[in-house]
Structures are given as C-alpha cells and as structure tokens.
Amino acid sequence: MTEADLDLDVDLEGEFEPEDLQGPKPVAHVGPPVLVVDDLHIVYRVFGGKARAAAKSGAANVRAAKVEKPSFVKRLLSSGSGHVGAVSEVHAVRGISFVARHGEAIGIVGVNGSGKSTLLRAVAGLIPPASGSVYVDGEPALLGVNAALMPQLTGERNIMIGGLALGMTPQEVDERFDEVVEFADIGDFVYLPMKTYSSGMAARLRFAISSAARPEILMIDEALATGDAAFKARSKARIDEVRKNAGTVFLVSHSIATIEAMCTRVLWVHQGQLVMDGPADEVAEAYKEFVRAHRRANTSARAGGVGPRARSKRRNREVAEAKTGDATPSDGQATDAADAKPTAE
Amino acid sequence: MGVRPPLLDYVRDVFSRWAFIRVLGTSTAYAKNQNNYLGQLWALLNPILNATVYVLVFGILLDASRGVDNSIAFIVIGVFLFRFIDQSVHGGAQSIAKKTNLIRSLHFPRAVLPMSQVVSLLTTLVPTLVVMCAIVLLSGLVGSNEPIPVTWEWLLLPCIVALLWLFNTGLAFIMARIVAITPDLDNIINFVMRFAMYGSGVIFPVTKYAEELPQAAQAIVEPILEYQPIGVFLYVARSILMQEESFPPSGEMWLWAVGWAVVTLVVGFIVFWRGEERYGRD
C-alpha cells in the first residue's frame with residue numbers, strides 16, 4: 001500500500017458522506033424505498049498466477065490482503081507458491097450504503113475496476129456479500145442474459161432460453177416473442193444461429209430479451225454501448241417505461257452522456273467506495289472534473305512509465321501531485337493522508 | 001439478497017424452473033454437436049466407437065469375459081450406461097465452475113445447472129439406448145452366442161434408466177458443490193472414475209474375478225463390489241436385456257437400485273443446497 005493510493009481513498013471517503021446525509025433530490029415520481037444497501041463489502045477469491053504479491057502492493061482494492069515484509073525463509077517458501085495454490089483476495093466493494101426508491105433511474109459511474117459491475121451484481125443478489133446486507137422489495141433482473149444464451153443456436157431458441165432464465169414461463173415467452181423480435185429489429189435473422197449476427201444485432205436481441213421480462217428492478221451493465229441511434233432511442237423509451245411503472249433502473253456505463261441522458265440520480269464509485277451520490281447533473285459534473293484531473297495526472301506520469309514495474313516511481317510522483325491538490329477533486333487530503341499513513345503499515 | 005433460502009422454498013423454486021432446466025438441457029445437448037458435418041449423428045457414433053474399442057480389447061483380445069456367454073452384449077450395456085454416469089459426474093463437476101458468468105449475471109436456484117446438465121446427457125442417452133438394444137439383439141446372432149429374445153421385461157429398461165437419472169443427478173449435485181468450492185478436485189475425478197469403471201464390472205465381470213481372492217479378502221470385497229451403486233445399476237440393466245444364468249432377474253437388486261437412487265438424490269440435493277449462497281463468489 002502506498003501513500004498515493006491511500007490518501008486518494010481516504011480523502012474521497014472523508015469528503016462525501018452516503019446519500020442519507022446529502023439527500024438526493026427526487027426528480028420524477030419517486031416512491032417508497034425499493035432497495036436498501038447497508039455497508040456492503042464484496043471480497044473475491046482469485047485463483048492463479050503470481051498476482052498475489054503484485055496485487056498486495058498494487059491496486060488499492062486488494063488492501064484486504066495483509067501486507068507484511070517477508071523474511072528470507074518466508075520468501076524462499078513462497079517463491080513457488082505463486083504457482084502452487086495461488087489464491088488472492090480482491091476487496092472489490094468496500095462499505096457502500098445507499099437507498100433506492102421506486103421510479104428512480106440510477107446511474108453508476110467510476111473508472112475501470114472501481115467496482116461498478118461488482119456492486120451491481122451484488123445488489124442483484126448474484127454475488128454473496130462478505131459482510132453487510134442488501135434488502136430488496138421485488139426481484140431484481142440484471143441485464144446480463146447473454147451469459148445464458150448459446151451462440152450456436154437460433155435467435156428463436158435463445159429467446160426461449162433467455163426468457164426462461166429470467167424466470168418467465170414458456171407461455172409468457174411465447175406471448176412476448178413477436179414483441180421481442182420487433183424491439184430487437186432483427187427480422188428473419190431470428191431463425192438463424194446467433195453466431196451469425198452482427199454485434200449490434202446480438203446486443204439488441206439481448207436487451208430485448210432481458211427487458212421483456214418487465215422486472216421491477218432493471219439493471220443494465222454497459223449494454224447500450226452497441227446499437228445505432230434508433231435503438232438507443234428505443235432503449236431509452238423502454239427504460240422510461242420501467243420507471244413509470246414504479247420500477248427502478250440501474251445503469252452502469254462509461255459514457256457519461258448516456259448516464260446524464262437516462263438517469264435521475266448518479267452514484268460515483270471509486271476503488272470500491274461511494275464517492276458521491278446525488279442528482280445526475282451534479283455528480284456527472286464532478287465526475288467529469290475528476291476524470292480530467294486523472295487524465296492530467298496520468299499524462300504527466302507517463303514520462304516515468306505506467307507499467308507495474310514503473311508504478312512505484314509513478315506513485316511517488318502522484319504523491320507530489322496529490323499534495324498540490326491536483327489528482328483528486330478535493331482538498332485537505334494532506335492532513336488525511338498524514339493521519340492514514342500509520343494505519344497502512 | 002444473497003442468503004440461502006429454506007430447503008422447502010428452495011425445492012419449490014427449483015420445481016418452478018423445470019421448463020428452464022429442460023430447455024437449457026436439451027439446448028446444451030443440441031449445441032454441443034452443432035459444429036461439425038455429421039452434427040447430431042455424433043451423439044450416436046461416439047458411444048458406438050467407444051464400445052467397439054472395449055469389445056475389441058477386452059472381449060476379443062484379452063477374452064476377459066469369464067462366465068459370461070455373450071460378452072458383446074455385456075460390454076455394450078456396461079459401456080453405454082457407464083458413460084452416462086461418467087459424463088454426469090464430469091458435467092456436474094463443471095456445471096457450476098464453468099458457468100460462473102451465468103451465475104454472476106442471473107438470479108435463479110443454482111440447482112438448475114447440475115440438473116440441466118444431467119437432463120442434457122439424458123436426451124443424448126435416449127437415442128443411444130435404442131442403438132444399444134439393437135447391438136444387443138445383433139450380438140445374439142454372432143458366433144456361438146444364443147439369440148437374445150425380446151421379452152416383456154425390456155419394458156423395464158426405461159425404469160432403470162429413470163432411476164439411474166435420479167442417481168446421476170444426485171452425483172452431479174455433490175460433484176458440483178465439491179468442485180465449485182475446491183476447483184483442484186476436478187483433476188482427480190478422472191482417476192476416481194477410471195477406478196470406478198474397472199471396479200464395477202463395466203467391461204468384465206469383476207465379481208467373478210473377486211472369487212479368486214483369498215477367503216478373508218473375498219468376504220469384504222465381494223459385497224462391496226456387488227452392492228455398490230454402479231454395479232447394482234449395471235446388474236439390473238443386464239438382467240433385463242440379457243437372458244443369461246449369470247444375471248437372473250432379482251427383486252433385491254431392484255430395491256438396491258431404488259435405494260441408491262433416492263438416497264444419492266436426497267443427499268446430493270441437500271449437500272448442494274447448503275452451498276447455495278457461496279456459488280459464484282469465486
């Protein structure tokens with residue numbers, strides 16, 4: 001654990017409280033709470049590779065793994081263990097709490113590896129929490145139906161598989177078959193194997209299948225990236241429809257424009273923690289500011305290289321940058337960092 | 001969310017997903033043989049070629065069929081049915097481990113996965129059973145073998161296959177849990193199954209070999225070989241199809257088969273259910 005990672009985390013956490021304090025400004029038909037996430041922690045077990053030692057000292061997400069200076073004997077013993085019985089733990093989500101209400105469309109933003117998708121899957125009940133809990137009123141459906149589909153089989157067959165996987169009965173799937181095909185706009189391609197589809201067609205079919213189930217809580221993970229303008233408009237209409245029927249929509253995307261267009265509220269996640277939670281435009285603005293700062297920091301760090309080996313050099317540089325208040329969207333982190341340093345060792 | 005449901009609710013949940021299990025199973029079976037010229041024909045060719053190898057090696061070259069008149073029928077029945085068990089164990093072992101993606105993206109009782117795996121194997125088994133019966137009939141016409149009559153008893157074959165299906169589902173549950181928690185064990189299964197194959201008289205009557213052991217060892221080994229589940233299922237299937245003195249129809253063996261099927265299924269289901277909330281975490 002380095003000081004750079006650390007002070008970044010600590011002051012992000014310190015600056016922004018969970019939404020209960022900040023209070024989201026309800027935008028449209030916001031009903032009673034539908035989902036409560038209480039101090040959620042997710043820990044992954046990761047098999048394989050020498051990742052353990054590298055990960056320990058590397059990404060901040062892996063902080064759960066104990067960091068200690070190995071003695072010579074230990075190093076000798078563990079020189080082979082990177083390949084035999086290599087198991088490391090990744091602490092992907094670290095203490096997130098929020099409340100979602102009926103009729104909200106919530107965007108989740110954050111840089112790569114910040115825990116967005118993990119958070120979404122945990123909220124959908126797909127990854128068991130290490131600690132903390134998730135309370136849900138209704139059945140959440142993650143728009144991740146593609147994992148159930150089989151590319152060798154026809155679209156027709158896949159609509160059945162996907163629909164059943166989402167918990168519909170065969171009759172319901174039959175009833176909605178035409179609607180799904182129409183929404184996906186794939187015409188007679190539905191009778192061909194899915195592996196013959198273009199990526200846009202496959203993505204449209206996936207979205208059509210998963211949103212056909214009419215879930216109370218719809219969760220979308222980067223699904224709208226592919227697809228033409230007409231399809232984007234149709235998906236926005238579908239999302240609005242879910243919201244109008246007192247449902248809740250979660251949307252993970254890297255496209256801040258998509259988030260701003262579709263969501264009423266945004267959660268900003270960074271390194272497994274909630275940085276900011278509020279109305280879409282406010283958070284989006286802050287996030288954009290952060291990304292710009294991040295990009296600047298990266299460009300200047302590139303001189304020293306950004307590979308893992310060169311990372312320690314870069315980190316030192318980042319510390320310097322952080323001290324000038326450049327790398328993070330907050331100030332006053334110098335004191336926080338000083339407070340936090342002892343806990344790292 | 002992410003908490004294990006009570007056992008009864010879980011059972012109900014799994015039953016309500018029966019359509020999903022069926023469609024997922026048959027689709028997997030179909031998709032598996034989609035990528036070559038002969039397509040679904042391979043589902044038949046595979047076990048036939050497999051059986052041919054064993055008939056040639058053990059039936060003809062080694063002549064290991066002690067006390068069995070029709071060694072072709074003996075080996076074919078053994079190989080075809082054991083294949084179902086073997087693949088269920090392998091399929092069950094991988095059903096959770098290989099579907100982490102699906103588990104991490106959709107919410108459904110995880111028991112669906114091993115169950116659909118076995119259903120998928122069952123759908124490929126049914127046509128091969130017809131081939132198996134045909135080979136058994138033809139084998140009666142070969143060489144010195146007596147012709148094998150088709151009797152009313154043949155109608156019992158679906159019953160023993162159904163029991164075997166329940167048994168395999170139970171096995172798949174247990175394997176799925178074990179391998180999902182400890183992926184390393186996947187590598188051991190192969191050896192265990194090889195041992196099970198030679199130990200349960202799939203290609204030669206192992207109980208006849210056991211008679212050659214010293215008295216003390218025989219007392220221990222023989223009942224184990226005779227009443228262990230794979231041996232029981234094979235015995236019953238052979239007693240149905242082959243009219244031979246070495247396999248007289250036995251009500252006792254049927255009871256054993258029912259017992260093994262029910263016990264394995266129930267135990268497997270409970271074992272699997274107890275790990276429900278852990279699947280997909282790693």
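The values are calculated or read from the model by the stated rules, or taken from the named source; none is laboratory data. Note that the structure is predicted; figures quoted are calculated from it, not measured. Methodologically, a virtual Cβ is constructed for each residue, glycine included, from the backbone with ideal geometry; neighbour enumeration extends over all protein chains shown. For accessibility, only protein heavy atoms count, side chains too; no ligands or nucleic acids. Shrake-Rupley method; radii C 1.70, N 1.55, O 1.52, S 1.80 Å.
For the reader, a short list of remarks on this structure follows.
- Distance from the Cα centroid of the stretch B:125-191 to that of the stretch A:169-236 is 40 Å (rounded to whole angstrom).
- Peptide packing: for A:258-264, A:121-127, the average count of neighbouring Cβ atoms within 10 Å per residue gives the ranking A:121-127, A:258-264, highest mean first.
- Near the amide H of residue A:93, within less than 5 Å, lie the amide hydrogens of A:42, all on another chain or at least 5 residues away, with H placed in the peptide plane.
- The mean accessible area for residues of the stretch B:7-278, using a 1.4 Å probe and ignoring ligands and nucleic acids, is 46 Å² per residue.
- Residue-wise HN-Hα coupling along the stretch B:125-139, computed from phi with Karplus coefficients 6.51, -1.76, 1.60 (Hz; x: Gly, Pro): 6, 4, x, 5, 5, 4, 4, 4, 4, 4, 4, 4, 4, 4, 4
- Within a Gaussian network of chain B (alpha carbon springs, distance under 10 Å), most fluctuating of B:209, B:227, B:235: B:209
- Carbon and sulfur %, accessible surface of the stretch B:7-278 computed with the full protein complex present, 1.4 Å: 68
- Per-residue Karplus couplings for the stretch A:176-187, computed as 6.51 cos²θ - 1.76 cosθ + 1.60 with θ equal to phi - 60°, are listed in order as 8, 3, 4, 4, 5, 4, 5, 5, 6, 6, 10, x Hz, Gly and Pro entered as x.
- Net charge contributed by nearby residues that have their C-beta within less than 15 Å of residue B:30 (K/R +1, D/E -1): +3
- Buried accessible area, chains B and A (both chains, 1.4 Å probe, Å² to nearest 100): 2700
- Mean separation of Cα contacts under 8 Å, 6 or more apart, over the residue count of the stretch B:1-140: relative contact order %: 39
- Between the stretch B:1-40 and the stretch A:87-111, the alpha-carbon centres lie 30 Å apart.
- Unsatisfied cross-links (Cα-Cα over 21 Å) in the set A:195/B:32; A:244/A:288; A:116/A:288; A:116/B:98: A:244/A:288; A:116/B:98
- Mean per-residue shielding of peptide B:105-113 is 6, counting Cβ atoms of other chains within 10 Å of each Cβ.
- Accessible area per residue, Å², the stretch A:93-220 with all protein chains present, probe 1.4 Å: 33
- All Cα pairs of the stretch B:7-278, percent lying beyond 30 Å: 32
- Backbone amide hydrogens, once placed in the peptide plane, bring residue A:251 within less than 5 Å of A:106, A:107, A:108, A:220, excluding anything fewer than 5 places away on its chain.
- Computed from phi, the 3J(HN,Hα) profile of the stretch B:181-195 under the Karplus parametrisation 6.51, -1.76, 1.60 (θ = phi - 60°) reads 7, 10, x, 4, 5, 4, 6, 7, 3, 3, 5, 4, 5, 4, 4 Hz, with x in place of Gly and Pro.
- Peptide A:112-125 has a mean of 2 when you count, residue by residue, the C-beta atoms of other protein chains within 10 Å of its C-beta.
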